[in-house]
Amino acid sequence: MRSVTLKNVTKSYDSDLIFQGLNLQVPSGKFFALLGPSGCGKTTILRMIAGFETPDEGHIYLGNKEITHTPINQRSVHTVFQNYALFPHMNVFDNVAYSLRLKRVSPKIIEQKVIKTLKKFQLEPYMYKSVTQLSGGQQQRVAIARVVINEPDVLLLDEPLAALDLRLREKVLIELMELQDELKTTFIYVTHDQTEALTVADQMAIMNPNGQIEQVGTPKEIYEFPRSTFVAKFVGSTNIIKGHLQIQNGTHQLVVQGLPLIQLSQSSEALQMNHGDMIFISLRPEKIMISKRQLEGFSNHLQGIVISIVYHGRSTQYNVQLANGMLIQVFEQNEEHFPKDIIDYDDSVFLYWQKDNSVILVE
(Lines give C-alpha, C1' and ligand atoms only; values in the text may rest on other atoms or scores of the structure.)
Protein backbone atom coordinates (compact mmCIF):
# COMPACT_ATOMS: atom_id res chain seq x y z
CA MET A 1 0.00 0.00 0.00
CA ARG A 2 1.20 3.50 -0.87
CA SER A 3 0.09 7.07 -0.41
CA VAL A 4 -0.77 9.19 -3.47
CA THR A 5 0.23 12.84 -3.74
CA LEU A 6 -0.59 15.45 -6.36
CA LYS A 7 1.51 18.64 -6.17
CA ASN A 8 0.61 21.83 -8.05
CA VAL A 9 -1.08 19.88 -10.84
CA THR A 10 -2.60 21.77 -13.76
CA LYS A 11 -4.61 20.11 -16.53
CA SER A 12 -6.53 21.48 -19.50
CA TYR A 13 -8.06 20.10 -22.67
CA ASP A 14 -7.42 22.52 -25.55
CA SER A 15 -8.52 25.85 -24.04
CA ASP A 16 -10.71 24.28 -21.34
CA LEU A 17 -8.94 24.51 -17.95
CA ILE A 18 -9.96 21.59 -15.73
CA PHE A 19 -7.95 22.59 -12.65
CA GLN A 20 -4.91 24.66 -11.82
CA GLY A 21 -2.34 24.22 -9.03
CA LEU A 22 -4.23 21.26 -7.56
CA ASN A 23 -2.77 19.72 -4.38
CA LEU A 24 -4.08 16.47 -2.91
CA GLN A 25 -2.71 14.00 -0.36
CA VAL A 26 -4.28 10.52 -0.16
CA PRO A 27 -2.99 8.62 2.92
CA SER A 28 -1.59 5.13 2.58
CA GLY A 29 -3.97 2.24 3.23
CA LYS A 30 -7.10 4.38 3.51
CA PHE A 31 -10.46 4.30 1.74
CA PHE A 32 -10.43 7.80 0.23
CA ALA A 33 -13.47 9.26 -1.54
CA LEU A 34 -13.30 12.07 -4.09
CA LEU A 35 -16.72 13.71 -4.15
CA GLY A 36 -17.96 16.46 -6.42
CA PRO A 37 -20.49 17.38 -9.11
CA SER A 38 -20.25 16.01 -12.65
CA GLY A 39 -17.61 17.78 -14.72
CA CYS A 40 -15.45 19.01 -11.82
CA GLY A 41 -12.42 16.89 -12.79
CA LYS A 42 -12.72 13.84 -10.49
CA THR A 43 -12.26 11.27 -13.25
CA THR A 44 -9.40 13.30 -14.76
CA ILE A 45 -7.55 13.01 -11.43
CA LEU A 46 -8.00 9.22 -11.49
CA ARG A 47 -6.82 9.03 -15.10
CA MET A 48 -3.67 10.98 -14.26
CA ILE A 49 -2.90 8.75 -11.26
CA ALA A 50 -3.44 5.68 -13.46
CA GLY A 51 -1.29 7.10 -16.27
CA PHE A 52 -3.99 7.50 -18.93
CA GLU A 53 -3.51 11.28 -18.79
CA THR A 54 -0.45 13.44 -18.13
CA PRO A 55 -0.58 16.75 -16.23
CA ASP A 56 0.34 19.93 -18.10
CA GLU A 57 2.23 21.02 -14.98
CA GLY A 58 2.95 19.57 -11.55
CA HIS A 59 3.96 16.21 -10.11
CA ILE A 60 2.30 12.94 -9.05
CA TYR A 61 3.86 10.63 -6.46
CA LEU A 62 3.15 7.04 -5.43
CA GLY A 63 4.66 6.89 -1.97
CA ASN A 64 8.00 8.71 -2.34
CA LYS A 65 8.39 7.80 -6.01
CA GLU A 66 7.40 10.29 -8.69
CA ILE A 67 5.23 8.64 -11.36
CA THR A 68 4.16 11.71 -13.37
CA HIS A 69 5.60 10.28 -16.61
CA THR A 70 5.86 6.59 -15.63
CA PRO A 71 4.22 4.26 -18.21
CA ILE A 72 0.88 2.73 -17.20
CA ASN A 73 2.20 -0.83 -17.02
CA GLN A 74 4.97 0.22 -14.63
CA ARG A 75 2.64 1.73 -12.02
CA SER A 76 1.28 -0.45 -9.23
CA VAL A 77 -2.10 1.19 -9.80
CA HIS A 78 -5.23 -0.48 -11.20
CA THR A 79 -8.64 0.92 -12.14
CA VAL A 80 -12.18 -0.41 -11.87
CA PHE A 81 -14.22 1.44 -14.48
CA GLN A 82 -17.87 2.41 -14.36
CA ASN A 83 -18.74 -0.02 -17.20
CA TYR A 84 -16.53 -2.78 -15.66
CA ALA A 85 -14.71 -3.32 -19.04
CA LEU A 86 -15.02 -7.11 -18.80
CA PHE A 87 -14.32 -9.35 -21.81
CA PRO A 88 -17.77 -10.64 -22.84
CA HIS A 89 -16.34 -13.59 -24.84
CA MET A 90 -14.54 -14.95 -21.74
CA ASN A 91 -15.84 -16.72 -18.67
CA VAL A 92 -15.26 -15.47 -15.13
CA PHE A 93 -12.08 -17.51 -14.61
CA ASP A 94 -10.46 -16.25 -17.81
CA ASN A 95 -11.39 -12.63 -17.11
CA VAL A 96 -9.72 -12.76 -13.70
CA ALA A 97 -6.72 -14.71 -15.02
CA TYR A 98 -6.15 -12.44 -18.02
CA SER A 99 -3.50 -10.10 -16.57
CA LEU A 100 -1.53 -12.98 -15.05
CA ARG A 101 -1.38 -14.70 -18.43
CA LEU A 102 -0.05 -11.50 -19.99
CA LYS A 103 2.74 -11.58 -17.41
CA ARG A 104 3.45 -15.22 -18.39
CA VAL A 105 2.80 -16.55 -14.89
CA SER A 106 2.81 -20.38 -14.80
CA PRO A 107 -0.60 -22.03 -15.33
CA LYS A 108 -0.42 -23.77 -11.94
CA ILE A 109 0.14 -20.51 -10.05
CA ILE A 110 -2.56 -18.79 -12.13
CA GLU A 111 -5.07 -21.49 -11.17
CA GLN A 112 -4.17 -21.22 -7.49
CA LYS A 113 -4.36 -17.42 -7.40
CA VAL A 114 -7.57 -17.17 -9.44
CA ILE A 115 -9.45 -19.74 -7.34
CA LYS A 116 -8.27 -18.08 -4.13
CA THR A 117 -9.42 -14.68 -5.43
CA LEU A 118 -12.78 -16.01 -6.64
CA LYS A 119 -13.41 -17.53 -3.21
CA LYS A 120 -12.69 -14.16 -1.61
CA PHE A 121 -15.37 -12.58 -3.80
CA GLN A 122 -17.83 -15.47 -3.50
CA LEU A 123 -17.53 -16.08 -7.24
CA GLU A 124 -16.18 -19.64 -7.26
CA PRO A 125 -19.54 -21.21 -8.26
CA TYR A 126 -19.59 -18.97 -11.37
CA MET A 127 -15.98 -19.42 -12.52
CA TYR A 128 -16.88 -21.14 -15.80
CA LYS A 129 -19.91 -19.01 -16.59
CA SER A 130 -19.81 -16.28 -19.20
CA VAL A 131 -19.73 -12.83 -17.58
CA THR A 132 -22.77 -11.93 -19.70
CA GLN A 133 -24.80 -14.42 -17.63
CA LEU A 134 -24.02 -12.65 -14.36
CA SER A 135 -26.00 -9.99 -12.53
CA GLY A 136 -24.73 -6.43 -12.30
CA GLY A 137 -23.44 -6.98 -8.77
CA GLN A 138 -21.63 -10.17 -9.77
CA GLN A 139 -20.04 -8.46 -12.77
CA GLN A 140 -18.86 -5.68 -10.50
CA ARG A 141 -17.19 -8.22 -8.20
CA VAL A 142 -15.49 -9.85 -11.19
CA ALA A 143 -14.16 -6.46 -12.29
CA ILE A 144 -12.68 -5.83 -8.85
CA ALA A 145 -11.32 -9.38 -8.54
CA ARG A 146 -9.56 -8.94 -11.90
CA VAL A 147 -7.53 -5.99 -10.60
CA VAL A 148 -7.11 -7.16 -6.99
CA ILE A 149 -5.37 -10.35 -8.18
CA ASN A 150 -2.44 -8.14 -9.26
CA GLU A 151 -2.04 -6.90 -5.67
CA PRO A 152 -1.82 -3.21 -6.62
CA ASP A 153 -0.61 -0.57 -4.17
CA VAL A 154 -3.54 1.63 -5.18
CA LEU A 155 -7.00 0.70 -6.44
CA LEU A 156 -8.94 3.38 -8.33
CA LEU A 157 -12.73 3.09 -8.53
CA ASP A 158 -14.49 5.40 -10.97
CA GLU A 159 -18.19 5.48 -9.99
CA PRO A 160 -18.27 1.66 -10.02
CA LEU A 161 -21.81 1.37 -8.64
CA ALA A 162 -23.57 3.78 -10.99
CA ALA A 163 -25.29 0.98 -12.93
CA LEU A 164 -26.64 -0.83 -9.85
CA ASP A 165 -30.04 -0.39 -8.22
CA LEU A 166 -30.28 1.10 -4.72
CA ARG A 167 -30.52 -2.15 -2.71
CA LEU A 168 -27.67 -3.81 -4.59
CA ARG A 169 -25.58 -0.62 -4.34
CA GLU A 170 -25.92 -0.64 -0.55
CA LYS A 171 -24.87 -4.31 -0.42
CA VAL A 172 -21.83 -3.82 -2.64
CA LEU A 173 -20.74 -0.73 -0.69
CA ILE A 174 -20.48 -2.86 2.45
CA GLU A 175 -18.55 -5.51 0.51
CA LEU A 176 -16.11 -2.86 -0.73
CA MET A 177 -15.53 -1.59 2.80
CA GLU A 178 -14.87 -5.11 4.06
CA LEU A 179 -12.53 -5.80 1.13
CA GLN A 180 -10.48 -2.64 1.72
CA ASP A 181 -10.26 -3.41 5.42
CA GLU A 182 -8.96 -6.89 4.60
CA LEU A 183 -6.50 -5.90 1.85
CA LYS A 184 -5.31 -2.63 3.46
CA THR A 185 -4.81 -1.35 -0.10
CA THR A 186 -5.20 2.37 -0.76
CA PHE A 187 -8.63 2.84 -2.38
CA ILE A 188 -9.51 6.06 -4.22
CA TYR A 189 -13.23 6.12 -4.90
CA VAL A 190 -14.72 8.73 -7.25
CA THR A 191 -18.42 9.53 -6.97
CA HIS A 192 -20.94 12.36 -7.18
CA ASP A 193 -23.18 10.51 -4.71
CA GLN A 194 -22.78 11.97 -1.22
CA THR A 195 -24.35 8.93 0.50
CA GLU A 196 -21.82 6.57 -1.09
CA ALA A 197 -18.91 8.79 -0.07
CA LEU A 198 -20.12 9.23 3.52
CA THR A 199 -20.69 5.47 3.81
CA VAL A 200 -17.36 4.11 2.59
CA ALA A 201 -14.72 6.74 3.21
CA ASP A 202 -12.11 6.97 5.95
CA GLN A 203 -11.32 10.37 4.47
CA MET A 204 -12.86 12.39 1.66
CA ALA A 205 -12.17 15.45 -0.46
CA ILE A 206 -14.92 17.74 -1.76
CA MET A 207 -14.39 19.33 -5.19
CA ASN A 208 -16.37 22.32 -6.45
CA PRO A 209 -17.49 22.83 -10.09
CA ASN A 210 -14.32 24.88 -10.78
CA GLY A 211 -12.03 21.91 -10.06
CA GLN A 212 -10.90 23.24 -6.68
CA ILE A 213 -10.76 21.15 -3.52
CA GLU A 214 -12.95 22.89 -0.95
CA GLN A 215 -12.33 20.64 2.06
CA VAL A 216 -10.60 17.41 3.07
CA GLY A 217 -11.49 15.46 6.22
CA THR A 218 -13.31 12.50 7.68
CA PRO A 219 -16.98 12.08 6.70
CA LYS A 220 -18.00 13.29 10.16
CA GLU A 221 -15.78 16.38 9.94
CA ILE A 222 -17.11 17.23 6.48
CA TYR A 223 -20.75 16.75 7.45
CA GLU A 224 -20.73 18.25 10.93
CA PHE A 225 -18.28 21.10 10.26
CA PRO A 226 -18.46 22.20 6.62
CA ARG A 227 -16.20 25.15 5.88
CA SER A 228 -18.08 26.70 2.97
CA THR A 229 -21.63 27.12 1.72
CA PHE A 230 -20.80 24.83 -1.22
CA VAL A 231 -19.69 21.96 1.05
CA ALA A 232 -22.64 22.47 3.41
CA LYS A 233 -25.14 22.34 0.54
CA PHE A 234 -23.44 19.57 -1.46
CA VAL A 235 -22.95 17.11 1.40
CA GLY A 236 -26.39 16.50 2.87
CA SER A 237 -29.25 18.95 3.26
CA THR A 238 -28.85 22.15 5.22
CA ASN A 239 -30.34 25.54 5.98
CA ILE A 240 -28.04 28.45 5.10
CA ILE A 241 -28.80 31.56 7.16
CA LYS A 242 -27.16 34.88 6.28
CA GLY A 243 -26.71 37.75 8.70
CA HIS A 244 -24.27 40.02 10.52
CA LEU A 245 -21.97 38.91 13.33
CA GLN A 246 -22.59 40.61 16.67
CA ILE A 247 -20.10 40.25 19.51
CA GLN A 248 -21.23 41.43 22.95
CA ASN A 249 -19.50 40.64 26.24
CA GLY A 250 -17.67 37.71 24.64
CA THR A 251 -20.80 36.12 23.20
CA HIS A 252 -21.29 35.65 19.45
CA GLN A 253 -24.67 36.11 17.79
CA LEU A 254 -26.11 36.26 14.31
CA VAL A 255 -28.31 39.26 13.55
CA VAL A 256 -30.95 38.56 10.89
CA GLN A 257 -33.60 41.16 10.08
CA GLY A 258 -37.01 40.13 11.40
CA LEU A 259 -35.72 37.26 13.57
CA PRO A 260 -34.58 36.84 17.19
CA LEU A 261 -30.82 36.86 17.79
CA ILE A 262 -29.24 33.49 16.92
CA GLN A 263 -26.67 32.33 19.47
CA LEU A 264 -23.36 31.00 18.12
CA SER A 265 -20.75 28.89 19.87
CA GLN A 266 -17.78 29.18 17.54
CA SER A 267 -15.00 31.67 18.13
CA SER A 268 -15.04 34.38 15.48
CA GLU A 269 -11.42 35.18 16.32
CA ALA A 270 -10.36 31.67 15.24
CA LEU A 271 -12.30 32.20 11.99
CA GLN A 272 -10.80 35.69 11.54
CA MET A 273 -14.18 37.39 11.68
CA ASN A 274 -15.07 40.64 13.36
CA HIS A 275 -18.10 42.36 14.82
CA GLY A 276 -20.37 43.55 12.01
CA ASP A 277 -19.06 41.13 9.37
CA MET A 278 -21.54 39.51 7.01
CA ILE A 279 -21.49 35.76 7.71
CA PHE A 280 -23.33 32.56 6.83
CA ILE A 281 -24.23 29.68 9.12
CA SER A 282 -25.20 26.10 8.28
CA LEU A 283 -27.98 24.46 10.30
CA ARG A 284 -28.72 20.83 9.48
CA PRO A 285 -32.47 20.01 9.30
CA GLU A 286 -32.14 17.00 11.63
CA LYS A 287 -30.52 19.18 14.33
CA ILE A 288 -33.75 21.16 14.74
CA MET A 289 -36.58 20.15 17.08
CA ILE A 290 -40.05 21.12 15.92
CA SER A 291 -42.94 21.56 18.37
CA LYS A 292 -46.24 23.37 18.76
CA ARG A 293 -45.29 24.04 22.39
CA GLN A 294 -42.88 26.48 24.00
CA LEU A 295 -39.97 24.53 25.46
CA GLU A 296 -37.06 25.36 27.76
CA GLY A 297 -33.39 24.40 27.59
CA PHE A 298 -32.52 25.41 24.01
CA SER A 299 -30.08 28.12 22.95
CA ASN A 300 -32.14 29.18 19.96
CA HIS A 301 -35.73 29.29 18.87
CA LEU A 302 -37.65 30.59 15.88
CA GLN A 303 -41.35 30.63 15.11
CA GLY A 304 -43.10 29.99 11.81
CA ILE A 305 -45.89 28.36 9.85
CA VAL A 306 -45.75 24.86 8.32
CA ILE A 307 -46.27 25.25 4.56
CA SER A 308 -45.53 21.67 3.42
CA ILE A 309 -44.93 18.18 4.81
CA VAL A 310 -43.08 15.35 3.01
CA TYR A 311 -43.04 11.79 4.36
CA HIS A 312 -39.69 10.01 3.71
CA GLY A 313 -40.31 6.75 5.60
CA ARG A 314 -37.58 7.02 8.22
CA SER A 315 -38.22 10.73 8.67
CA THR A 316 -40.72 13.47 7.94
CA GLN A 317 -39.66 16.73 6.32
CA TYR A 318 -41.35 19.96 7.41
CA ASN A 319 -40.89 23.18 5.47
CA VAL A 320 -41.52 26.12 7.77
CA GLN A 321 -41.90 29.75 6.71
CA LEU A 322 -40.63 32.30 9.24
CA ALA A 323 -42.06 35.75 9.86
CA ASN A 324 -39.46 37.39 7.59
CA GLY A 325 -40.31 35.03 4.71
CA MET A 326 -37.31 32.74 5.15
CA LEU A 327 -37.91 29.00 4.65
CA ILE A 328 -36.43 26.51 7.13
CA GLN A 329 -36.30 22.77 6.46
CA VAL A 330 -36.70 20.36 9.40
CA PHE A 331 -36.24 16.55 9.45
CA GLU A 332 -37.98 14.69 12.28
CA GLN A 333 -37.24 10.99 12.78
CA ASN A 334 -40.35 8.79 12.66
CA GLU A 335 -39.58 7.09 15.97
CA GLU A 336 -42.66 5.92 17.89
CA HIS A 337 -40.85 5.58 21.23
CA PHE A 338 -40.66 9.36 21.66
CA PRO A 339 -43.82 11.42 22.05
CA LYS A 340 -44.23 14.06 19.36
CA ASP A 341 -46.70 16.77 18.57
CA ILE A 342 -49.07 16.01 15.73
CA ILE A 343 -48.19 18.70 13.23
CA ASP A 344 -50.25 19.60 10.15
CA TYR A 345 -50.26 22.16 7.37
CA ASP A 346 -50.68 25.79 8.44
CA ASP A 347 -49.81 24.98 12.07
CA SER A 348 -47.86 27.58 14.00
CA VAL A 349 -44.68 25.90 15.30
CA PHE A 350 -41.51 26.61 17.25
CA LEU A 351 -38.11 25.51 15.98
CA TYR A 352 -35.43 24.80 18.62
CA TRP A 353 -31.73 23.99 18.43
CA GLN A 354 -28.55 24.31 20.46
CA LYS A 355 -25.95 26.91 19.52
CA ASP A 356 -23.32 24.19 18.89
CA ASN A 357 -25.35 23.17 15.84
CA SER A 358 -25.02 26.60 14.18
CA VAL A 359 -21.85 26.17 12.11
CA ILE A 360 -20.18 29.34 10.84
CA LEU A 361 -19.07 28.99 7.23
CA VAL A 362 -15.76 30.48 6.10
CA GLU A 363 -16.64 32.24 2.87
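The values are calculated or read from the model by the stated rules, or taken from the named source; none is laboratory data. The model shown is predicted, which means the values in this text are computed figures rather than measured ones. Ideal geometry is used to build each Cβ from the backbone, glycine not excepted, and the neighbour counts take in all protein chains shown.
Odds and ends about this structure:
Condition check ((1) among the aromatic types (Phe, Trp, Tyr); (2) touching a Ser or Thr at 6+ places or on another chain (Cβ under 8 Å); (3) at positive phi) across all residues:
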position	(1), (2), (3)
149	no, yes, no
160	no, no, no
173	no, yes, no
176	no, no, no
189	yes, no, no
194	no, no, no
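- In the set 87, 93, only one residue is in contact (Cβ under 8 Å) with a residue 24 or more places away in the chain, in a helix (DSSP H, G or I), closer than 23 Å to residue 130 by Cβ and assigned by TED's automatic domain parsing to the domain that holds residue 190; that residue is 93.
- Per-region count, region 145-172, residues modelled with pLDDT of 85 or more and within 20 Å of the chain's Cα centre (by Cα): 6
- Residues in region 209-231 that are over 12 Å from the mean Cα position of the chain (by Cα) and buried (at least 18 other Cβ atoms within 10 Å of the Cβ) were compared, and the one that is nearest to residue 4 (Cα to Cα) is 213.
- Count - residues of region 116-132 that are part of a helix (DSSP H, G or I), out of contact with any helix residue (DSSP H, G or I) (no Cβ under 7 Å at 6 or more places or on another chain) and either free of Cβ contacts under 8 Å to residues at least 24 places away in the same chain or on the phi > 0 side of the Ramachandran plot (or both): 3
This table checks each residue for (1) within 17 Å of residue 255 (Cα to Cα); (2) in contact with a Leu (Cβ under 7 Å, 6 or more places away or on another chain); (3) surrounded by fewer than 18 Cβ atoms within 10 Å (Cβ to Cβ).
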position	(1), (2), (3)
293	no, no, yes
297	no, no, yes
300	yes, no, no
315	no, no, yes
318	no, no, no
333	no, no, yes
348	no, no, yes
353	yes, yes, no
358	yes, yes, no
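- Some residue of region 45-59 being touching a residue at least 24 places away in the same chain (Cβ under 8 Å), under 20 Å from residue 231 (Cβ atoms) and in the same structural domain as residue 214 (by TED's automatic domain parsing): yes
- Every listed requirement among (1) in contact (Cβ under 8 Å) with a residue 24 or more places away in the chain; (2) in the same structural domain as residue 136 (by TED's automatic domain parsing) is met by residue 215 save one, (1).
- Options 38, 12: the member that is of a type in the set (S, T, N, Q), in a loop (DSSP other than H, G, I, E, B) and out of contact with any Gly (no Cβ under 6 Å at 6 or more places or on another chain): 38
A quick yes/no check of all residues on (1) within 30 Å of residue 105 (Cα to Cα); (2) surrounded by fewer than 17 Cβ atoms within 10 Å (Cβ to Cβ):
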{"position": "182", "(1), (2)": "yes, yes"}
{"position": "236", "(1), (2)": "no, no"}
{"position": "244", "(1), (2)": "no, yes"}
{"position": "254", "(1), (2)": "no, no"}
